[in-house]
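Chemist: Pasting a structure below so you can have a look.
The values are calculated or read from the model by the stated rules, or taken from the named source; none is laboratory data. All values reported here derive from a predicted model rather than from experimental measurement. Cβ coordinates were reconstructed from backbone atoms using ideal geometry, including for glycine residues, and neighbour counts include every protein chain displayed. Side chains included, ligands, DNA and RNA excluded: accessible areas come from the protein's heavy atoms. Shrake-Rupley method; radii C 1.70, N 1.55, O 1.52, S 1.80 Å.
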Amino acid sequence: MKHFSSKNQTVTAHEFMQRPVVRSERIETLRNRLIEAKAEICSDRAVLLTEAYKMYQGLPVVLKRAKALAHILDNMKISMAEGELIVGSLGTKLRTAPIFAEFAMDWLIEELDGKPFRPEDRPGDKYFISEEDEQALRGIYGFWKNNDHEHRCLNAFPPESMISKKVGVNDSHWLMTGGDGHLVVDLEGILRKGLKDNIARAQKRLQELDFSDPAQAEQKPFLEAVVISCEAVIRFAKRYAKMARDLAEVEKDAQRKEELLKVADVCENVPENPARDFYEGLQSAWLINLTLQIEVNGHSISMGRLDQTLIGLYTKDIEAGTIEYEDALELMENLFLKMFQLLKINCWDNTKALAGYQLFQNITVGGQDKNGKDSTNELSFLVLNAQAAIALNTPSISLRYHNRISDRLMYAAFDVTRIGGGQPAIYSDEVYMPALVNRGISWEDASNYSIVGCVEAIVEGKQTGRPNGAGFINLGKIIELALYNGKDPNTGICLQPGNGDLTTFKSFEELYEAFKTQARYYFKLQVITDNAIDRMTEMEIADPYVSSLVSDCIGRGKTMKQGGAIYDYCGPLYVGVANVGNTLAAIKKVVFDDKTITGAQLMHAIKTNYADMITSPTGPEIHKMVLDVPKYGNDDDYVDDIMVDYFRFICEETVKYKTTRFGRGPIGGFWQPSTSSVSSNVPFGAIVGALPDGKKAGEPLADTSSPTHGTDTKGLTASLKSVGKLPTVLVSGGQLLNIKVMPSSLTPGLPVKKLYQVIRTYFSDFKGMHVQINCISANTLKKAQEKPQQYKDLMVRVAGYSALFTPLDKALQDDIIERTEHTV
């Protein structure tokens, strides 16, 4: 077969890859164009949605949403980039973010008015907007003012919800201004049967309904909406088929003309029909992903185990000689660039917690089947190869580890990591699968989990969105409240009276119970708040298209929010995990065990930010005392035992609560914990004062389940042993661990073999759940701060995702630089 491109250049040599890592001339051109493109705001979707809501305002919400999606897909401006082989985008601009007016517009108008600053003037994640787009958005604002999801949610909350946000404990704002996302739909089923099968099943269910039964009659609008939305997606694909044919008619270059006709043929067939080959499989998967992004306004809509989903089509094409490896690689690289092209703009406050132009789209490789057989195949390597060649932050690549995994795949993964950017992250089947089974998921389905968002394991095509990804819970603020008798020292607000303060506690047990008192109150408040959001989402958003792609919503005649999925879980994101354990240990040591200072002295020290030079001991001397106490991350049981006990309390407290779908059909229906803090440790740390762990006022909290920066001083293995003591099997929402190693630790040969053995031991012997590796030196990152134009595509791991470094807010850049660097 003639290759799509004849000129290929080697990016880097990879010892364990099946093929050289190459980036074709076509891919090089497309990649450079995207890197240079500025992020822009597009008004197209918002304007069309507003038109549809006015036209169909009398319909049931689920039908209105389906017709609105159809109106958008039928009328939005579309484009094709010169040379691309996978087509479909959010608009005509290279990197553009649509506006989801039905969720919230107040924040956008405020930013356009310069509050706190205009989108193009942000400290990070800047967005530009044309005068035409700005005027169009201002023009529709009147329809949505006080008439959007955000306002409906606010009206459904108890007053304590927003007071807690002001205090800085609970924050669910991003859920009011955005959709659910956080799922993998049944891509395998779509590639095998096409959307026409969804339409046929919905139509059959409609014919079978007994309208004398109220429960069955209620299903009618949803099933009709499934047909409307799936037919709209098919028409959307055919718009690209027509565009490709029109471009082919005037194309002078013979090869490009042939490519355009191929694009037309592909989009004429998929996703309506089953994919006939590997090319169609990729294009179908992309169009499904793209149209979901247009409908739901959610983060973390992911591609799942793409190496397993596509291996049949790939093998068939390779054996038939209709495609060669280089062609398949270039198509995969095209897909990666399309995923990088997607953008989602959040308000600035939410952006600080979700920084890095990220949509958290994941591709999972490796793992095992239901019988424990290693699932590594040639596509596993091809995905890694594509990541090595593209070397951008989206998609996120997730590798499933297990004890029988191919060593070659692991070394290939380390090869990719060595390029920089923390890709891929590694997840252990040895813990994830038991954690899922522990929550009621069958072993067969647990063996087919894939990763969405940062570290969330989800059953493909069978589970609702947001298995975690509910609001943030600031554990650093909770321990601070416990020390101040429940009263926030910043605002003076007290929602939950405490059990005394640091000056009155007579024992460590009193202190620990004070923390639990605050934690129980604010955990419950988080559930109340997020369940209110879920109820409003069910009533007013009710996305039929995404629900039609998850089993068994069509069979049950329900959207996911009504209980249509087979599995259902939700859960909060805990921030500042290490700070609590270190704080409890520090107080126990210096106040109650050693009695070096009194609780009153320590209280004065944190109130004065360890700066009082008059007291005896002085503030800096007390600061040194608490810093010298054993810290989590050094394999010291003094603090690690406290960490394990309090963390188990968090996990067990979380699962006491139910989602709004509990008892309505799905298995599960309860809450689960996660330590995926994204980048929220920086803004949340800014509203927490000095703590007895040594944190000073305003400094970032510890990220994820990682040790606090700079406190894990006894090397990588000690750090991993501490983290491995946590009861990870209870963290079914996902445990996240950042490590930063010197680039030399990934040098081929003995260094990388040592690192592999350390990681293998962490997973197998210490039951670690996840690890992601940054291997860019702090010196390089500092140079990038000084000369950002020279480091435009420098990539780093932030939390459960990678991001281009230079567009990040400087506060987050500094936090990444400060992470402890280890050698092996």
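Chemist: Considering (1) part of a loop (DSSP other than H, G, I, E, B); (2) of a type outside the set (S, T, N, Q); (3) closer than 30 Å to Phe647 by Cβ, say which one Ala578 fails and leave the rest.
Modeler: Going through (1) part of a loop (DSSP other than H, G, I, E, B); (2) of a type outside the set (S, T, N, Q); (3) closer than 30 Å to Phe647 by Cβ one by one, Ala578 breaks only (1).
Chemist: If we keep just the residues of segment 48-97 that are small (Gly, Ala, Ser) and in contact with a Pro (Cβ under 9 Å, 6 or more places away or on another chain), which is farthest from Ile199 (Cα to Cα)?
Modeler: Gly91
Chemist: Further, regarding this structure: Inspect all residues belonging to segment 266-278 and state whether any of them is open to solvent by 10 Å² or more (accessible area, probe 1.4 Å) and in a helix (DSSP H, G or I).
Modeler: Checking segment 266-278: at least one residue is open to solvent by 10 Å² or more (accessible area, probe 1.4 Å) and in a helix (DSSP H, G or I).
Chemist: Which of the residues belonging to segment 88-108 are in a loop (DSSP other than H, G, I, E, B) and either open to solvent by less than 10 Å² (accessible area, probe 1.4 Å) or at positive phi (or both)?
Modeler: Correct list: Gly88, Ser89, Gly91, Ile99, Ala101, Glu102, Phe103, Ala104, Met105.
Chemist: Scan segment 789-804 and give yes if some residue there is touching a Phe, Trp or Tyr at 6+ places or on another chain (Cβ under 6 Å) and within 24 Å of Pro572 (Cβ to Cβ), otherwise no.
Modeler: Within segment 789-804, one or more residues are touching a Phe, Trp or Tyr at 6+ places or on another chain (Cβ under 6 Å) and within 24 Å of Pro572 (Cβ to Cβ).
Chemist: Okay, next question. Of all the residues that make up segment 470-501, how many are of a type in the set (A, V, I, L, M, F, W, C), crowded, with 24+ Cβ neighbours inside 10 Å and out of contact with any strand residue (DSSP E or B) (no Cβ under 8 Å at 6 or more places or on another chain)?
Modeler: So the answer is 4.
Chemist: In addition: Taking segment 38-52 on its own, how many of its residues are open to solvent by 20 Å² or more (accessible area, probe 1.4 Å), out of contact with any strand residue (DSSP E or B) (no Cβ under 9 Å at 6 or more places or on another chain) and not β-branched (Val, Ile, Thr)?
Modeler: 1
Chemist: Please name all residue pairs, on different chains or six or more residues apart, with Cβ atoms under 6 Å, provided the first residue is in segment 663-685 and is on the phi < 0 side of the Ramachandran plot and the second residue is hydroxyl-bearing (Ser, Thr, Tyr) and assigned to a strand (DSSP E or B).
Modeler: Pairs found: Pro666/Tyr567; Ile667/Tyr567; Gln672/Tyr569; Thr675/Tyr574.
Chemist: Which numbered condition trips up Tyr521, out of (1) open to solvent by 40 Å² or more (accessible area, probe 1.4 Å); (2) within 27 Å of Thr659 (Cα to Cα); (3) touching a residue at least 40 places away in the same chain (Cβ under 8 Å); (4) not small (Gly, Ala, Ser)?
Modeler: With respect to (1) open to solvent by 40 Å² or more (accessible area, probe 1.4 Å); (2) within 27 Å of Thr659 (Cα to Cα); (3) touching a residue at least 40 places away in the same chain (Cβ under 8 Å); (4) not small (Gly, Ala, Ser), Tyr521 is out only on (3).
Chemist: Let me ask something additional. Could you name every one of the strands (runs of 3 or more DSSP E) located completely within segment 716-805 that has at least 3 residues being at pLDDT below 90 and either surrounded by fewer than 24 Cβ atoms within 10 Å (Cβ to Cβ) or touching a Lys or Arg at 6+ places or on another chain (Cβ under 7 Å) (or both)?
Modeler: 738-741
Chemist: Under 7 Å between Cβ atoms, at least 6 apart or on separate chains: pull out the pairs that start in segment 721-736 with a residue that is without any contact (Cβ under 8 Å) to a residue 60 or more places away in the chain and end on any residue that is surrounded by fewer than 21 Cβ atoms within 10 Å (Cβ to Cβ).
Modeler: Filtered contacts from segment 721-736: Gly724/Phe766; Gly724/Lys767.
Results for (1) aliphatic (A, V, I, L, M); (2) within 26 Å of Ile228 (Cβ to Cβ), shown as yes or no for each residue.
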{"residue": "Val62", "(1), (2)": "yes, yes"}
{"residue": "Val87", "(1), (2)": "yes, yes"}
{"residue": "Gly91", "(1), (2)": "no, yes"}
{"residue": "Ile129", "(1), (2)": "yes, no"}
{"residue": "Asp148", "(1), (2)": "no, yes"}
{"residue": "Cys153", "(1), (2)": "no, no"}
{"residue": "Phe157", "(1), (2)": "no, no"}
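Chemist: Another question, if that's okay. I need every pair where a residue in segment 201-222 that is in a helix (DSSP H, G or I) has its Cβ under 6 Å from the Cβ of a residue that is of a type in the set (D, E, K, R) and open to solvent by less than 90 Å² (accessible area, probe 1.4 Å), sequence separation at least 6 or different chains.
Modeler: These pairs meet every condition: Gln216/Asp210.
Chemist: Can I ask one more? Return the residue satisfying two criteria in turn: it lies in segment 155-168 and is touching a helix residue (DSSP H, G or I) at 6+ places or on another chain (Cβ under 7 Å) and closer than 26 Å to Gln57 by Cα, and of such residues it is surrounded by the most Cβ atoms within 10 Å (Cβ to Cβ).
Modeler: Top of the filtered list is Phe157.
Chemist: I'm trying to understand the selection: among the residues of segment 203-226, which are under 31 Å from the mean Cα position of the chain (by Cα) and under 10 Å from Ile554 (Cβ atoms)?
Modeler: The answer is Phe222, Leu223, Val226.
Chemist: What number of residues in segment 710-735 are among the β-branched types (Val, Ile, Thr), closer than 26 Å to Glu653 by Cα and over 25 Å from the mean Cα position of the chain (by Cα)?
Modeler: 0
Chemist: Go over the candidates Asp125, Asp148 one by one and state the one that is crowded, with 20+ Cβ neighbours inside 10 Å and either of a type in the set (A, V, I, L, M, F, W, C) or free of Cβ contacts under 8 Å to residues at least 60 places away in the same chain (or both).
Modeler: Within the list Asp125, Asp148, the selection yields Asp148.
Chemist: Could you list, in sequence order, all residues of segment 204-235 that are within 20 Å of Ala565 (Cα to Cα) and surrounded by fewer than 14 Cβ atoms within 10 Å (Cβ to Cβ)?
Modeler: Lys204, Ala215, Ala217
Chemist: Just one of Leu627, Leu549, Leu584, Leu602 is within 27 Å of the chain's Cα centre (by Cα), more than 16 Å from Phe662 (Cα to Cα) and at pLDDT 95 or above; which is it?
Modeler: The unique qualifying residue is Leu549.
Chemist: Right, something else. Can you name the number of the only condition in (1) buried (at least 17 other Cβ atoms within 10 Å of the Cβ); (2) out of contact with any strand residue (DSSP E or B) (no Cβ under 6 Å at 6 or more places or on another chain) that Asp171 fails?
Modeler: For Asp171, the exception is condition (2).
Chemist: Now for a different question. Return the residues of segment 236-265 that are open to solvent by 10 Å² or more (accessible area, probe 1.4 Å) and either assigned to a loop (DSSP other than H, G, I, E, B) or touching a Pro at 6+ places or on another chain (Cβ under 7 Å) (or both); say none if nothing qualifies.
Modeler: Glu251, Lys252, Asp253
Chemist: Now for a different question. Taking segment 592-617 as the region of interest, how many residues are open to solvent by less than 20 Å² (accessible area, probe 1.4 Å) and in contact with a Phe, Trp or Tyr (Cβ under 9 Å, 6 or more places away or on another chain)?
Modeler: 2
Chemist: Please go through (1) open to solvent by 10 Å² or more (accessible area, probe 1.4 Å); (2) over 27 Å from Ser406 (Cβ atoms) for Ser706 and return the number of the only condition it doesn't satisfy.
Modeler: For Ser706, the failing item is (1).
Chemist: Further question: Looking at Phe143, is it open to solvent by 50 Å² or more (accessible area, probe 1.4 Å), outside any helix (DSSP H, G or I) and of a type in the set (A, V, I, L, M, F, W, C)?
Modeler: no
Chemist: So, one more: Answer yes if at least one residue in segment 72-87 is within 24 Å of the chain's Cα centre (by Cα), closer than 30 Å to Met539 by Cα and open to solvent by 10 Å² or more (accessible area, probe 1.4 Å), and no otherwise.
Modeler: Checked segment 72-87: no residue is within 24 Å of the chain's Cα centre (by Cα), closer than 30 Å to Met539 by Cα and open to solvent by 10 Å² or more (accessible area, probe 1.4 Å).
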